[in-house]
Structures are given as structure tokens and as C-alpha cells.
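Comments concern the structure below.
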Amino acid sequence: MTAFLTARAVRTTPEGLLWEPSGRWVRGRRGEVTVVDSRHPVLVWEPEVPVPTYAFPREEVREDLLRPAKNPPTGTHTGSRIFYDLELDGELLENAAWTFPASDLAGHIAFEWFRRTGRGLDHWYEEEEEIFVHPRDPHKRVDAMASSRHVRVEIDGTLVADTVRPVLLFETALPTRFYIPREDVRLELFVPTDHRTGCPYKGTAEYWSWRGGAAVPPDIVWSYPDPLPAVGTIKNLLAFYNEAVDITVDGEALERPVTPFTRALSERTPR
């Protein structure tokens with residue numbers, strides 16, 4: 001009988017990997033072909049990597065589709081030395097899978113996620129829900145809450161948003177994001193872009209860039225036109241990177257936070 005996990009059971013390997021069994025039924029596909037069908041996956045966190053990945057027992061993987069890697073990468077995935085290419089319908093996908101060196105994870109295989117790395121399996125499911133980019137971390141929360149706080153957003157001294165009906169999104173290890181109704185944003189000051197990102201907790205976001213001449217990163221504003229049900233209240237609302245704009249809440253100016261996005265935004269800012 002399969003036991004459904006009810007308590008946290010994180011374990012550590014000598015290589016610094018963290019891992020724990022998951023009670024979720026996980027499938028991974030490439031196109032229409034199911035490569036992984038697992039009821040016994042484990043979640044693995046690599047050092048310095050903030051999001052987990054899945055590893056699967058070999059017997060729940062289509063090993064007949066795997067070939068020893070022709071050009072295995074070095075220095076990736078915490079000392080892993082065994083990589084596999086995926087051969088499917090005459091196409092060879094290099095380094096689509098690998099094994100971790102830890103003895104605790106012997107007999108398990110992990111796969112790249114196409115939406116995150118541009119290679120590997122391109123459709124993933126937990127139970128009957130499709131998931132994107134990476135597995136959802138069971139120790140992370142994302143809560144969207146309607147509020148009546150007075151939120152003002154400025155860019156280079158120009159007021160671009162002013163609302164008393166925001167939705168506040170609280171996400172573990174990130175600053176509070178303020179989602180603002182479109183009627184309360186001067187959207188004419190921005191131009192839509194082709195940029196899109198996927199989030200396993202919120203869905204797929206579309207973006208806008210600042211029209212002004214200030215040194216502002218592109219894609220500074222985003223929105224989720226079809227968010228996942230758990231955060232449905234942010235649908236079509238607009239949010240700004242706190243890291244690159246000036247936000248005032250109930251008369252108090254917020255400091256610009258330093259987050260994993262700070263460096264990326266700085267590198268994209270016009271000089």
C-alpha cells in the first residue's frame with residue numbers, strides 16, 4: 001500500500017543535496033509521449049538553487065528512450081557525472097536527464113524541464129494539473145489577498161499608479177507584490193511587449209515596458225490574464241517590480257528590496 005506523506009521528511013546527502021519523498025503522482029511528457037509516470041517521486045534541492053526538481057525511480061522512467069550522453073556537461077547538477085540523451089521519434093535531445101551522485105538517490109533519474117532550460121520534457125503534470133517551469137515547493141506559500149491600502153507607484157518622479165483597492169500577493173522569500181486594477185494605472189505610459197514568463201504558482205504573465213526616457217528596465221509591469229485558481233483574484237491586475245520603481249503604501253515610502261531579480265533588472269537597464 002502506498003503511504004501518503006503527511007509530515008516533512010527532508011533529508012541531507014554528503015554532497016549537500018536536500019531531498020524528500022513526495023506523495024504526488026507525477027508525469028512528464030515530450031510531445032505526446034509519456035517518458036515519466038511516477039507515483040514515488042522525490043523532490044531534490046541542489047545547493048544555491050532556490051527551486052526544487054523531481055527525481056524518479058528508474059522503474060517509473062522509459063529508460064528504453066535514454067542513451068548515454070554524447071557530450072555530458074561538467075560542473076552541473078552538484079557533481080553529477082552520468083547524463084543521458086533522450087532519443088524520441090528520430091530526434092536526439094542532448095543531456096535531457098541525469099543521475100545525482102548521492103547514494104541516497106541511487107536508482108533515481110532527474111529530467112530537465114523545457115520551460116526552464118530550453119531542453120528536456122515539455123509537459124509536466126501533478127495528479128491532473130499541468131505544472132510549469134519547475135515543481136511547486138511544498139514549503140513555500142503564495143497568498144493573494146484583497147486590500148484597501150493606499151498604494152502609489154512612481155517612475156522617475158512620475159505617478160503611474162494610484163489605488164485604494166490593490167490585491168497584495170505574499171510569496172515566501174519575495175517582497176510583497178501590489179497588484180493594481182488597470183483603471184488605476186496610467187497604462188498609456190507603457191507599451192506591451194512580447195515577453196512572457198511562466199510561474200508554477202501563478203501561471204503565464206504578459207509584460208509592458210516604460211515609454212519614458214528614464215533608465216528603467218524593460219518589462220517593468222506584468223499581468224496574469226489567466227492565473228491559476230489559487231491566485232485567481234490577481235486576474236488582469238497589474239504589478240510592478242518593487243526593485244526598480246518607487247512604491248508608497250499608506251503614506252510610507254518602501255525601500256527598494258534586493259532580491260534574485262535585482263541583478264537581472266540592473267543588467268537589462270539602459271545606460
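A residue that is modelled with pLDDT of 90 or more and part of a loop (DSSP other than H, G, I, E, B) can be found somewhere in the range 107-116. Checked against (1) outside any loop (DSSP other than H, G, I, E, B); (2) surrounded by fewer than 15 Cβ atoms within 10 Å (Cβ to Cβ), residue 149 meets all criteria but (1). The condition (being of a type in the set (A, V, I, L, M, F, W, C) and buried (at least 20 other Cβ atoms within 10 Å of the Cβ)) is satisfied by just one residue among 106, 144: 144. Any residue in the range 237-250 that is of a type in the set (Asp, Glu), within 23 Å of residue 145 (Cα to Cα) and open to solvent by less than 30 Å² (accessible area, probe 1.4 Å)? Yes: the range 237-250 contains one or more residues that are of a type in the set (Asp, Glu), within 23 Å of residue 145 (Cα to Cα) and open to solvent by less than 30 Å² (accessible area, probe 1.4 Å). When residue 39 is evaluated against the numbered criteria (1) open to solvent by 70 Å² or more (accessible area, probe 1.4 Å); (2) modelled with pLDDT under 95, which criterion, by number, is the only one it fails? All conditions are met except number (2). Criterion applied to 84, 54 was being within 19 Å of residue 127 (Cα to Cα), out of contact with any His (no Cβ under 6 Å at 6 or more places or on another chain) and either buried (at least 21 other Cβ atoms within 10 Å of the Cβ) or in the same structural domain as residue 195 (by the TED database) (or both), and the one residue passing it is 54. Scanning the range 223-236 turns up at least one residue that is over 25 Å from residue 117 (Cα atoms) and at pLDDT below 95. When we screen 211, 196 for residues that are within 24 Å of residue 114 (Cα to Cα), open to solvent by 80 Å² or more (accessible area, probe 1.4 Å), in contact with a Phe, Trp or Tyr (Cβ under 9 Å, 6 or more places away or on another chain) and not acidic (Asp, Glu), the only hit is 196.
When 78, 117, 74, 34 are checked against the criterion of being crowded, with 16+ Cβ neighbours inside 10 Å, outside the structural domain of residue 196 (by the TED database) and of a type in the set (Val, Ile, Thr), 78 stands alone in meeting it. Against the definition (in contact (Cβ under 8 Å) with a residue 40 or more places away in the chain, closer than 30 Å to residue 235 by Cβ and open to solvent by less than 50 Å² (accessible area, probe 1.4 Å)), how does residue 134 come out, yes or no? Yes: the conditions hold for residue 134. Listed here are the strands (runs of 3 or more DSSP E) enclosed by the range 1-104 that have at least 3 residues being touching a helix residue (DSSP H, G or I) at 6+ places or on another chain (Cβ under 8 Å): 33-38, 82-88.
Remark: pairs (first residue in the range 80-103, within 18 Å of residue 53 (Cα to Cα); second residue hydroxyl-bearing (Ser, Thr, Tyr) and outside any strand (DSSP E or B); Cβ separation under 7 Å; 6+ apart in sequence or on different chains) = 98/80; 99/80; 100/78; 100/80; 101/80; 102/13.
Note on the range 202-238: residues that are in a strand (DSSP E or B) and more than 17 Å from the chain's Cα centre (by Cα) amount to 6.
The values are calculated or read from the model by the stated rules, or taken from the named source; none is laboratory data. Just so it is clear, the model here is predicted, and its values are computed rather than measured. Methodologically, a virtual Cβ is constructed for each residue, glycine included, from the backbone with ideal geometry; neighbour enumeration extends over all protein chains shown. Ligands, DNA and RNA are stripped out before the accessible areas are found, and what is left, the full protein with its side chains, is counted by its heavy atoms. Shrake-Rupley method; radii C 1.70, N 1.55, O 1.52, S 1.80 Å.
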